[in-house]
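Derivation of every value follows stated rules applied to the coordinates shown; laboratory data play no part. Source: prediction; values computed, not measured. For neighbour counting, all protein chains shown are included, and Cβ atoms are generated from backbone atoms with ideal geometry for every residue, glycine included.
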Amino acid sequence: MTGADGRDASLARAVRLREDGLREEARERLVALSARFPDDAEVAYQTAWVHDTLGLEGDAVPYYVRALAGSGLSADDRRGALLGLGSTYRTLGRYPEAVATLSGGVTEFPEDNALKTFLAMALYNVGRAHDAMRLLLTVLAQTSDDPDLIAYRPAIEHYAMDLDVVE
């Protein structure tokens, strides 16, 4: 076996099971692997992810937290863990925690529009609709290839700063 006592091969098999739609079997393997390697951020992230895919958001949270507290995640996995945890907090109605997590994610990965979009949803949930609209309109203006929107990009970006402005 390669890796720490077969960790690499076991993790790869479990991820493959999840990707193949055998999520419950993947979950069982990942929970066991996580128990064997409690300080392994990558194993914790994959374990959180499989719980999310099964609709077990509450069970995913501690694994996401463990993954983000550890080291060894690639930048892509760290971004995914921040998005996953923030989105999971929002799904569970833990809106302030969602805003904090997703805000941290946007600070760490300022170009990630998925993080910004989920942050906008969480901002809405905490009653910050103005900030949510500003963020979404900015993402829309900067990323849309729709010719109808491109023509109005400067106006959308202008109004994104303050929807209440009267000129």
State the label only: which of (1) 17.4; (2) 16.9; (3) 16.2 corresponds to Kirkwood radius over Cα pairs in Å computed from the shown model? (1)
Along the dipole axis of the chain (charges at Cβ: +1 for Lys and Arg, -1 for Asp and Glu; origin at the Cα centre), the most positive-end residue among 142, 123, 158 is 123
Size of electric dipole in the chain: Cβ of Lys, Arg +1 and of Asp, Glu -1, about Cα centre, debye, nearest 20: 480 debye
Cα→Cβ-extended label distance, 7 Å offset, between residue 32 and residue 69, nm: 2.5 nm
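Using just the helices of the chain, give the 222 nm mean residue ellipticity in deg cm²/dmol: DSSP H runs with n ≥ 4 each add -39,500 (n - 2.57), and the total is spread over all residues, rounded to 500.
On the way: 10 runs with 125 residues, N = 167.
Computed ellipticity for the chain at 222 nm equals -23500 deg cm²/dmol.
If we count every other residue with Cβ under 14 angstrom of residue 131's Cβ, Lys/Arg +1 and Asp/Glu -1, where does the sum land? Walk me through the numbers before you get to the answer.
Numbers: positive: 116, 128, 134; negative: 162, 164.
Local charge sum for residue 131: +1.
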Within-12-Å neighbourhood charge of residue 55 [Cβ basis; K, R +1; D, E -1]: -2
